[in-house]
Amino acid sequence: MAFDANAFNQATNFLNNLNNVQKHEILTVSSLQQVKDFVMNRGDSYLLLDPNADLLYVKELDTIGKSTIRIFSITECTQQYLDNSTPATVSKADYDKLLKRLERLENNRGGKNDTSESKSEQLELFK
């Protein structure tokens, strides 16, 4: 039997590719049962996506072999949702308005409670 160098190189490349498989990729599944049956090593965690049910599973296996599965629902964020979300910044006018409210609150708590102040002015402090 002759030595086949080409077959040896192919086998070596195949084994090297097996060792270089990236862990922690997003894998697709089609059911919760498939997630439960998904085999993994201790200490690993995987993100498993079920695109048909719009579900996302996070399966983790701790160092003693106990697995946990967390399930998340996937919803699309529309532009309207993004427009109505809380802004990450505050305008200068809103900041100045807040400072004035805080100053008025500090003045009222600092012993300068003016009894002539109307209820509407007091309520305005908390708007």
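Key figures for this structure:
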item	result
Glu76 paired with Leu47, simple spin-label distance in nm, labels 7 Å along Cα-to-beta-carbon	2.0 nm
Local electrostatic count at Lys36 - Lys and Arg +1, Asp and Glu -1, tallied over other residues with Cβ under 14 Å	0
Two-site label geometry, Asp94 and Leu32: point separation in nm, points 7 Å out along Cα→Cβ	4.0 nm
Range of Cα positions in the range 22-75 per principal axis (Å), largest first	33, 22, 17
Order of Leu49, Leu99 - criterion: other Cβ atoms within 10 Å of each residue's Cβ, fewest first	Leu99, Leu49
Amide H contacts under 5 Å for Asp44, placed H, 5+ residues apart	Leu61
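The numbers here are math on the coordinates, done by the rules we state, and not lab data. Just so we're clear, the structure is a prediction, and the values are computed from it rather than from any experiment. Note that we place each Cβ from the backbone using ideal geometry, even for glycine, and neighbour counts take in every protein chain shown.
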